[in-house]
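Engineer: The structure that follows is given in the form of structure tokens.
Derivation of every value follows stated rules applied to the coordinates shown; laboratory data play no part. Bear in mind that the values here come from a model prediction, so they are computed numbers and not experimental data. Note: ideal-geometry Cβ built from the backbone for every residue, glycine included; neighbour counts use all protein chains shown.
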2 protein chains.
Amino acid sequence: MFSKTCEYAIRAMIFIAQKSKDGSKVGIKEIAKGIDSPEYFIAKILQELGRKGVVQSMKGPTGGFYLDNSARKTSLATIVKAVDGDNIFSGCGLGLKQCSDKHPCPLHHEFTKIRKDITSMLNKTRVGDLQEELDQKLTFLRRD
Amino acid sequence: MFSKTCEYAIRAMIFIAQKSKDGSKVGIKEIAKGIDSPEYFIAKILQELGRKGVVQSMKGPTGGFYLDNSARKTSLATIVKAVDGDNIFSGCGLGLKQCSDKHPCPLHHEFTKIRKDITSMLNKTRVGDLQEELDQKLTFLRRD
DNA sequence: AAAATAAAAGACAAAAATATCTTTTATAGA
DNA sequence: TCTATAAAAGATATTTTTGTCTTTTATTTT
Ligand code: FES
Ligand code: FES
């Protein structure tokens, strides 16, 4: 469904939301441990998300990653689009170069339904909301 | 959603269903052209599907690939499982090692709904049915 | 100002997915 | 039986994804 990169990105965003909700910042090592991802790899991913303004960061002592109030409202759709592009939102399920009602692949009718559900789900799910459930220990970001 | 391999596999199966509906067989070159895939690559994929009994084939002159009556009833789920494994049917959307109601990731509740829809769609969609629409030129396997 | 810290940037490495080519085997037809 | 045909099998190559390491830059603290 999502690339590994994207899975890590979403998990990291939720983790950062949690750890920075009191205004503090969280370092890359803690993030990597918290979401069980390769440290250098998630660093690269967050670097890119930082460039796109999806996550905030600060260098130096007491520095780290955090989410400002607007970033907490980021939808999963925004993250997925930033990392995986928009194939999942508009691409053909059978890999035709273009998905189109006028020139549909054999799966088009069934697939567009699913794709619509996915899009709507990703659009309405926000990082901040997921973080709250995590806080209540109702959900988890890693399996020990 | 699906790997490239899997997309080619599904397209090829539908194409073969169409070309072999009168009992004849279709060669790898014609398949590759018909679904716009790399020739040697789809050959490998069909070889593997052949080993698993999902597609039938015959060597030598007048040989080629075809689908017997039982193979026409193959669901997309069977093809996807044979090629991509069962991650899409049971894997965690955020990449946790295990998806579980007891230890859910933050996306679990939303994701399992989608996954259920996908599974059900793939289970009830059969190669033979898709081939019929293709035959009526209502759908297409490539974009020119 | 100097030292320590932590992310950014850039280079590199390994693994997996995708794609191609060559040789072998089975089958049909002359 | 010989030849031509087409898939199977095996080897190799390329590209993309995933993962790692090193150097640089910004910031804080001493
Ligand atoms: S054309 Fe394939 S999903 Fe629309
Ligand atoms: S645990 Fe992630 S989808 Fe179920």
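Engineer: Assess whether B:ARG115 counts as being charged (D, E, K, R), at negative phi and within 9 Å of chain A (Cβ to nearest Cβ). Reasoning before the result, please.
Structural biologist: Values: charged (D, E, K, R): yes; at negative phi: yes; within 9 Å of chain A (Cβ to nearest Cβ): yes.
Against the criterion (charged (D, E, K, R), at negative phi and within 9 Å of chain A (Cβ to nearest Cβ)), B:ARG115 qualifies.
Engineer: Turning to a different aspect of this structure: Can you report the number of residues in the range B:37-72 which are more than 18 Å from A:LEU94 (Cα to Cα) and more than 9 Å from DNA strand D (Cβ to nearest atom)?
Structural biologist: Qualifying residue count, the range B:37-72: 10.
Engineer: I've got another one for you. Being surrounded by 17 or more Cβ atoms within 10 Å (Cβ to Cβ) and without any contact (Cβ under 8 Å) to a residue 40 or more places away in the chain narrows it down to one of A:GLU30, A:GLU48, A:GLU7, so name that one. If you could, list the steps in order and put the result at the bottom.
Structural biologist: Values: A:GLU30 fails: surrounded by 17 or more Cβ atoms within 10 Å (Cβ to Cβ); A:GLU48 fails: surrounded by 17 or more Cβ atoms within 10 Å (Cβ to Cβ).
Result of the check over A:GLU30, A:GLU48, A:GLU7: A:GLU7.
Engineer: Just one of the numbered conditions (1) in a helix (DSSP H, G or I); (2) over 30 Å from B:ARG126 (Cβ atoms); (3) aliphatic (A, V, I, L, M) is not true of A:VAL54; which one?
Structural biologist: All conditions pass for A:VAL54, except number (1).
Engineer: Moving to a separate point now. Quickly run through the range A:18-48 and pick out the residues that are in contact with a Gly (Cβ under 6 Å, 6 or more places away or on another chain) and among the small types (Gly, Ala, Ser). Show your work before the answer.
Structural biologist: As a first pass, look at the range A:18-48 and keep what is in contact with a Gly (Cβ under 6 Å, 6 or more places away or on another chain): A:25-27.
The answer is A:GLY27, and nothing else.
Engineer: If a residue must be under 15 Å from B:ILE14 (Cα atoms), within 16 Å of DNA strand C (Cβ to nearest atom) and within 13 Å of another protein chain (Cβ to nearest Cβ), how many such residues does the range B:68-109 contain?
Structural biologist: Pass one, the range B:68-109, residues under 15 Å from B:ILE14 (Cα atoms): B:68-80.
From what is left, the residues that are within 16 Å of DNA strand C (Cβ to nearest atom) are B:68, B:79-80.
Keeping just the survivors that are within 13 Å of another protein chain (Cβ to nearest Cβ) gives B:79-80.
Looking only at that region, the number is 2.
Engineer: Let me ask another. Sort out which residues of the range B:121-144 are more than 7 Å from chain A (Cβ to nearest Cβ), under 15 Å from the mean Cα position of the chain (by Cα) and assigned to a helix (DSSP H, G or I), and write them in order of number.
Structural biologist: B:LEU122, B:ASN123, B:LYS124, B:VAL127, B:GLY128, B:ASP129, B:GLN131
Engineer: For the range B:33-44, how many residues meet the condition of being more than 9 Å from DNA strand C (Cβ to nearest atom) and touching a residue at least 12 places away in the same chain (Cβ under 8 Å)?
Structural biologist: First, the residues of the range B:33-44 that are more than 9 Å from DNA strand C (Cβ to nearest atom): B:33-36.
Those left that are additionally touching a residue at least 12 places away in the same chain (Cβ under 8 Å): B:34-36.
Counting residues in the range B:33-44 that are more than 9 Å from DNA strand C (Cβ to nearest atom) and touching a residue at least 12 places away in the same chain (Cβ under 8 Å) gives 3.
Engineer: Tell me, yes or no, whether the range A:19-31 has at least one residue that is assigned to a helix (DSSP H, G or I), away from ligand 2 (no atom under 16 Å from the Cβ) and under 15 Å from the mean Cα position of the chain (by Cα). Let's see the steps before the verdict.
Structural biologist: Pass one, the range A:19-31, residues assigned to a helix (DSSP H, G or I): A:19, A:28-31.
If we keep only those that are away from ligand 2 (no atom under 16 Å from the Cβ) too, we end up with A:19, A:28-31.
Imposing the further condition that a residue be under 15 Å from the mean Cα position of the chain (by Cα) reduces the set to A:31.
Yes: the range A:19-31 contains one or more residues that are assigned to a helix (DSSP H, G or I), away from ligand 2 (no atom under 16 Å from the Cβ) and under 15 Å from the mean Cα position of the chain (by Cα).
Engineer: Next question. Looking for whichever is within 16 Å of ligand 2 (Cβ to nearest atom), loosely packed, with under 13 Cβ neighbours inside 10 Å, closer than 24 Å to B:LYS124 by Cβ and not hydroxyl-bearing (Ser, Thr, Tyr) here; the options are B:ASP68, B:ASP86. Which one fits?
Structural biologist: Details: B:ASP68 fails: within 16 Å of ligand 2 (Cβ to nearest atom).
Checking each option against the conditions leaves just B:ASP86.
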